[in-house]
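The values are calculated or read from the model by the stated rules, or taken from the named source; none is laboratory data. Because the structure is predicted, anything quoted here is derived from the model rather than measured. Cβ: placed from backbone, ideal geometry, glycine included. Neighbour counts: every protein chain shown. Remember, those area values only see protein heavy atoms, side chains included, never the ligands or the DNA or RNA. Shrake-Rupley method; radii C 1.70, N 1.55, O 1.52, S 1.80 Å.
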Amino acid sequence: MKLPRSTSPLHRAAALAARRPALVLVVIAALALAGIALAVQLKPDAGIDTLVGTRSEAYGATTTMRQRFGDDPIIVLVRGDLTKLLLTQDLERLLALEGCISGNLPAGATPPGGANGPCGRLAATKPVKVVFGPGTFINEAVRQLGAGFVRRLRQNAAQAGAAAAAARSAALRHGLSRSEAGRRARSARAAVAQRFQEEVLELAVRYGLRAVPRIDDPNFVSTLVFDQAKPAGTPKRRFAYLFPTKRAALVQVRLKAGLSEARRNDAIALVREAVALASLKPRNGATYTVTGAPVVVSDLTDSITGSMLTLLIVALLVMAGTLALVFRGRPRLLPLAIALAAAALTFGGMSLTGAPLTMASIAVLPILIGLAVDYAIQVQSRVSEEQGEGKAIGAAPAARRAALLGAPAIAAAAAATAAGFAALALSPVPMVRGFGILLVVGIAIAFACALMAGTAALVLGERAAPPAALARVGKRLARHRATDAISASEPARATRERALRAGRDVLALATRHPAPVLAVGLVIAAAGWGLDTQTRVESDIQRLVPQDLPALRDLDALQRSSGVGGEVDVLIEGADLTRPRVLAWMIGYQSAVLKQHRYSTKRGCGEAEICPAFSLPDLFTTQSARKDAAGIDALLDAVPPYFSQSVITADRKTATLAFGLRLMTLEREKRVIDDLRARLRHGRPAGVRAALAGLPVLAADANAEVASNGRRMLTLLAGLFAVAIVLLVALRGIARALLPLVPIALATGWSAFVLFALRVPLNPMSVTLGALVIAISTEFSVLLSERYRQERGLGHDPREALARTYRSTGAAILASGTTAIAGFAVLVASDIRMLRDFGFVTVIDLSVSLLGVLVVLPAVLLLAEHRASGRARAPQAAKVAA
């Protein structure tokens, strides 16, 4: 058959690869090597910014919170008997540890561990904004009481002198003798001294003082920290944010806002090194554990790089085995080499743009390799088919024929697949949006590599004429290749034969009974759409990250020891936060929230959902301290910056209320946060703004958006719409574009039905599965329908055209679909459960959608043919009747 000349970009690209195969391969190989060099420099990022949107009120409040008060807290959990920790020299070691972490070392002092140790490096780099812990708290109390005693002593001396002088002057004015005036002066001085002694005695009784307070005075520390009315060693409830139980103390470390990922991870590593210093370890049984949200994120970031390498190795092995099993083309591993080049170019470009390596972008790697292998198989199969039909024509002419006849359909299918993935841009999760965008870019690169590198390799392979000796060695090696051994094995042959028989049976069923097949498919899809709203979404973040993360185990230990695993903050802003009404509202809000969520001073945190944390109201423990603005200002002036900087800014325009939050599912967490948010709208004084902030708030809000049935349906419809637009533009015909969409739309319902039946839960990534099913199924449907159209154009009747389509393109699609599914299956090897579950769910859905498309598409095409022929016969029948 003589082919018309074409000037399309696809044909020109194939022609260039056929004319200059060596040049094309060298250029692509060089670019791929450069991509690998760039890809190894990718910076992993598992931070909260990859999980939540940046346009919400909570995100803005969290950003402000971090800038004013420091990043989310790193927690050093101190486990042990508090009496042995605080009433011995271990308290001084704890104080030294807090000073080491804060980077505040005495001038000229040698830091523990030396200048190059963790304390020295923390002091040099200054990544920590504030440290709030038991040692610093008690030491500051000692310092303030001591300074207050000295200050009060001076005031007493001045008051005594003034009282004596006033008494002497009064006596002389009344005509008394000098001796009497002196006696009265001494009496006034003694009265002032007596009152001072009574104050000192009251203070001594209150704090168990026998001398000026010292940090090594067990009586003072015991009276300060422990509740004397309760069993020995029970800390006072108002210090629950420091001493949540009798056997736990907490040190909060807030890093400075705006640190790079590398500096943040380095700071966390230095904190871990500091708590491991032998000189700072307690001697009486207490232990240190570093945990908190930033630590979990840091450990997860470190695991990302290792996970990516693991997935790459597994992907190579799985793809090689899959190609050996289902692909009959030669060279058999050429599609895998093309896929590796495409992946290198994609991730190299990602490094050039500065994009971070997230958990989702890791998932792109095996998926992209699977899709690239898919496109390479399609191109290679079409070239081989043209060589066979052309009676042994050369590879170069066959490649040009394949580019003219088959490449447009493959390109249209790839573009539609990319459009389906582009619908993920609607996700509220930045990580998922990045996943979709990276796949769109990767698909374009993968198709270009498949067309040009695949064509060039096939042409160059035919032209190469190796020496006879080398050819004999090559043939001998070829006979012993592992892929040939797998392909020739009995299980492989049996699998292929069963697949062929099943394909023939499916095609026969669809062609004999097209209407019932379509009706059954529609009923199952409708049931799936209805049941999809009932599918559970896994929202427990602890179950979605690698279970062997040390920080995850430590976070669980934090909750067991203290009753809380995270912190929710209320950021309060206003022109003047020192008004009594504002402070009274804050105290009332705090009390109402704690009561609503089952916290009490008697039970402590216990099973309460939230607990109190250090907040501005904790500085005002008496009614008199907050009765007027002058008294509030005076108290804040007297409070050391060490205490106040954690809860109110120096300009007194921003303050915080903090609550400890139990570890729970994001769904339950969202209910708690919604209650806190609703209460903020009631009784708030005029001119005061309040918003929830913190990592738990962002995560719960993002999960609620992702799991929303409405948003999932919106993503699905957007994917279908995007695919329809691309196919209309690429195929230039309404029926030609929309017919392949029928099984694609039904496939989303089939997959939902199967997932519900298997009771497989979704997660923040797999919840977008409708868009993925649309994206992948599009290729299968478009390639089959376009090949069917070509066969009909050659004059074959519908059933024969379908048979020829399934023998040629159908076999290639089965092979390429298997490799695409294998790409997703590789994710099951990930140690990140979110990716592992995503891979498992995707394998199920894509297998169902591939089989569904293969069954339903023939029925759709035949019914469309019957309808079209019925319309064509109607005018003819009308003429005959007339």
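Once the Cβ-Cβ distance between M713 and A109 is put in as r, and R0 is 51 Å, what FRET efficiency do you end up with, to the nearest 0.05?
Working from the Cβ atoms, E equals 0.20.
Can you pull out the trypsin sites (Lys or Arg not before Pro) in region 684-779 that DSSP calls coil and that have at most 11 other Cβ atoms within 10 Å?
Listed in order of number, the matching sites are R732, R759.
With a sphere of radius 13 Å drawn around the Cβ of R93, what net charge do the other residues whose Cβ falls strictly inside it have (Lys, Arg +1; Asp, Glu -1)?
So the environment of R93 carries a net charge of -1.
In this model, which of K246/K627; K246/K595; K256/K595; K595/K670; K236/K653; K43/K256 are farther than 25 Å apart at the alpha-carbon?
Flagged as over cut-off: K246/K627; K256/K595; K236/K653.
R183 versus L309, label points 7 Å from Cα toward the beta carbon: distance in nm?
9.5
Considering only protein heavy atoms, what is the solvent-accessible area of K43 at a probe of 1.4 Å, reported in Å² to the nearest 10?
Per-residue accessible area (K43): approximately 140 Å².
Could you calculate the FRET efficiency of S260 with L794 from 1/(1 + (r/R0)^6), where r is the beta carbon distance between them and R0 is 60 Å, rounded to 0.05?
Calculated value: 0.45.
Take R671 and D637, extend 7 Å from each Cα along the Cα→Cβ direction, and tell me the distance between the two endpoints in nm.
Going by the 7 Å Cα→Cβ label model, 4.9 nm.
7 Å from Cα along Cα→Cβ at both R238 and K627: what's the point-to-point distance in nm?
1.7
Taking a label point 7 Å from the Cα of R867 along the Cα→Cβ vector, which residues of region 685-725 have an amide N closer than 19 Å to it?
Only 721, 724-725 pass the distance filter.
Could you compute the FRET efficiency for I725 and S8, with r as their C-beta to C-beta distance and R0 at 22 Å, rounded to 0.05?
0.60
Relative to the present Cα-Cα distance, how much length would full extension add between S169 and R20 at 0.36 nm per residue of separation?
Contour length minus Cα-Cα distance gives 42.2 nm.
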